[in-house]
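Everything below concerns the one structure shown next.
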Amino acid sequence: MKSIFSITRSKLEEYFLSIGEKKFKATQVFEWIYRKGVRSFDDMTNLSKDTISKLKEDFEFNELELIIKQEDELVKKYLFELKDGHRIESVLMEHDYGYSICISSQIGCNMGCAFCQSGRLKKIRNLEVDEMLLQIMSVEKDLGERISHVVIMGIGEPFDNYDNFMDFIRIVTDPYSLAIGQRHITVSTCGIVPKIREFADESTGVNLAISLHAPNNDLRSKIMKINNAYKIEEIIDAIKYYLDKTNRRVTFEYILLKDVNDTEKCAKELCSLLKGINCYVNLIPYNETENIEFKRSSSSQIGAFYDILKKNNINVTIRKEFGSNVSAACGQLRAENIKGE
Ligand code: SAH
């Protein structure tokens, strides 16, 4: 049976039309579920008995099972179990502007980035729309507060699960659902070029981040398998297309790996690559993980890299660090608590 949390309002409208009902019922159902927190069709008192029994035949209310919660001062990490026994993780961060949540988009990941823990555990399947949405709703319930910002930067490659990802965005931003502002949402991709273009065409207002991590193809291909499929020039072209379409500044993420991509030469190369592009660079101090040989760059090296970008008028920030005490590096909590995979 289909989860009621997996359907967008416009698809629910189509559903009502297909069973000979008025489409405004979709909005009523959304109000019951997301505004009033109702968890049974029987409680939807403005729907007829017939409509209720039809909905019961076709949709179910499901939940994620919370397995582990780890807490630090500003970060909470959640491990959930899905219906089929697989486990996924979500991370909640407290900022001065509110809460943001980092959600997973797949079970495992096939992108195979050399430095990333998630990629060591191969993709088992895509997450369904409800499994993405319920990460937010379950954490909000646990927290007793509203989450204002969402990043799709957890385990998985969202653009490798594009259709579910887009329906998830449609529900999360729906004023009758969680109503999270498009500009409060950021999706991060390792650079699946055709999907960057498709995403540009959607003109959503959702922020786009690209995991670049290297300023040239030689180096990028060594640490990111996806670079064999889509070269840096193709990514830059797709980004220019995105900027033309949306006029929204793009973020480039750049993990600093000691003696790999953190040299002065790399910094200068990055400046020439990004010159004139409406973007900002988020430098990420690498979270070292077990069994992976890469090391974090020293603070002075990170500072030197930052200075070169600044001097070249590139907008740049160094990512604030959260939760290295609570297995916060991508995929760590899941990797430590996996069942039979
Ligand atoms: N697949 C998407 C989103 C998930 S990864 C993407 O590649 O963007 C989210 C971000 O975390 C990416 O920029 C990824 O490169 C980075 N990341 C992965 N492992 C990391 C680690 N150990 N330390 C710091 N950042 C890491």
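A few remarks follow.
- The condition (being farther than 24 Å from N287 by Cα and either crowded, with 24+ Cβ neighbours inside 10 Å or within 15 Å of the ligand (Cβ to nearest atom) (or both)) is satisfied by just one residue among L92, L121, L127: L127.
- Condition broken by K222, with the remaining ones in (1) within 15 Å of the ligand (Cβ to nearest atom); (2) surrounded by 16 or more Cβ atoms within 10 Å (Cβ to Cβ); (3) within 25 Å of E293 (Cβ to Cβ) satisfied: (2)
- Helices (runs of 4 or more DSSP H) (entirely within the stretch 1-78) containing at least 3 residues that are surrounded by fewer than 19 Cβ atoms within 10 Å (Cβ to Cβ) and not polar (S, T, N, Q): 9-18, 49-58
- Scanning the stretch 92-129 for residues that are among the aromatic types (F, W, Y) and in contact (Cβ under 8 Å) with a residue 60 or more places away in the chain turns up just one, F115.
- Only one of A179, A214, A200 that is of a type in the set (G, A, S), modelled with pLDDT of 95 or more and in a helix (DSSP H, G or I): A200
- Members of the stretch 130-148 that are crowded, with 19+ Cβ neighbours inside 10 Å and in contact (Cβ under 8 Å) with a residue 40 or more places away in the chain: D130, E131, L133, L134, Q135, I136, M137, V139, I147
- Count of the stretch 197-219 residues which are more than 9 Å from the ligand (Cβ to nearest atom) and among the hydroxyl-bearing types (S, T, Y): 2
- Residue match in the stretch 96-108 (condition: at pLDDT below 95 and either within 11 Å of the chain's Cα centre (by Cα) or within 16 Å of the ligand (Cβ to nearest atom) (or both)): yes
- P194 assigned by TED's automatic domain parsing to the domain that holds F80, at pLDDT 95 or above and more than 12 Å from the ligand (Cβ to nearest atom): yes
- Just one of (1) in contact with a strand residue (DSSP E or B) (Cβ under 9 Å, 6 or more places away or on another chain); (2) more than 16 Å from the ligand (Cβ to nearest atom); (3) not aliphatic (A, V, I, L, M) fails for F165. It is (2).
- Scanning the stretch 138-164 for residues that are of a type in the set (K, R) and part of a loop (DSSP other than H, G, I, E, B) yields one hit, R146.
The values are calculated or read from the model by the stated rules, or taken from the named source; none is laboratory data. All of these numbers come straight from a predicted model, not from anything done at the bench. Don't worry about glycine lacking a Cβ; one is built from the backbone with ideal geometry, like all the others, and counts go over all protein chains shown.
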